[in-house]
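Following: one structure in structure tokens, then a few remarks.
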Amino acid sequence: MFLSAGPKFIQQPKDLIANEGTTAKFSCIAVGEPQPNTFWIREGKGTPMFPQAKYDGRYFVTKSGELEISNVQRGDEGIYSCTALSQSGNIQAKAQLTVIGKSVLNQHLLIHVLSLPKFFLMSHF
């Protein structure tokens, strides 16, 4: 007798905030009988990203279903969808990637330092 159980997430992706130039990682782990296959889609792009393949040189889906986006750019912002698919059914979970400037903190420090009196800068730097 063959028993089947539709896919079920044991870890769903969570919304992320990433700095430009860093790596963003979304997790997505599903179980079921038979074991479901997982893949990712960025909404509005339509191209599925499957495990153990690299896309556009910066997107990689690990064997365990983690989506890694290296050298994150502002254009990477959006909603990413993980789908777990098997003969017993499919499920989907979504997460938002928000990208902030890589040097926001550095810019604030530079503005702060430049706003110091000139005599202070000369004596301390």
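The values are calculated or read from the model by the stated rules, or taken from the named source; none is laboratory data. Remember, predicted model here, so these are calculated numbers, not experimental data. Cβ placement follows ideal geometry from the backbone for every residue including glycine, while neighbour counts extend to all protein chains displayed.
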Could you tell me how many of the residues in region 47-65 are surrounded by 13 or more Cβ atoms within 10 Å (Cβ to Cβ) and either modelled with pLDDT under 90 or touching a Lys or Arg at 6+ places or on another chain (Cβ under 6 Å) (or both)?
3
Would you call Tyr80 closer than 28 Å to Gly101 by Cβ, free of Cβ contacts under 8 Å to residues at least 40 places away in the same chain and of a type in the set (Ser, Thr, Tyr)?
no
Filtered residue count, region 71-87, keeping only those that are β-branched (Val, Ile, Thr), surrounded by fewer than 19 Cβ atoms within 10 Å (Cβ to Cβ) and over 30 Å from Gly32 (Cβ atoms):
0
Counting only residues in region 23-46 that are surrounded by fewer than 14 Cβ atoms within 10 Å (Cβ to Cβ) and touching a residue at least 40 places away in the same chain (Cβ under 8 Å), the one nearest to the chain's Cα centre (by Cα) is identified as Thr23
Here is a check on your reading of the model: is Val99 at pLDDT 95 or above, surrounded by 11 or more Cβ atoms within 10 Å (Cβ to Cβ) and more than 18 Å from Ser27 (Cβ to Cβ)?
yes
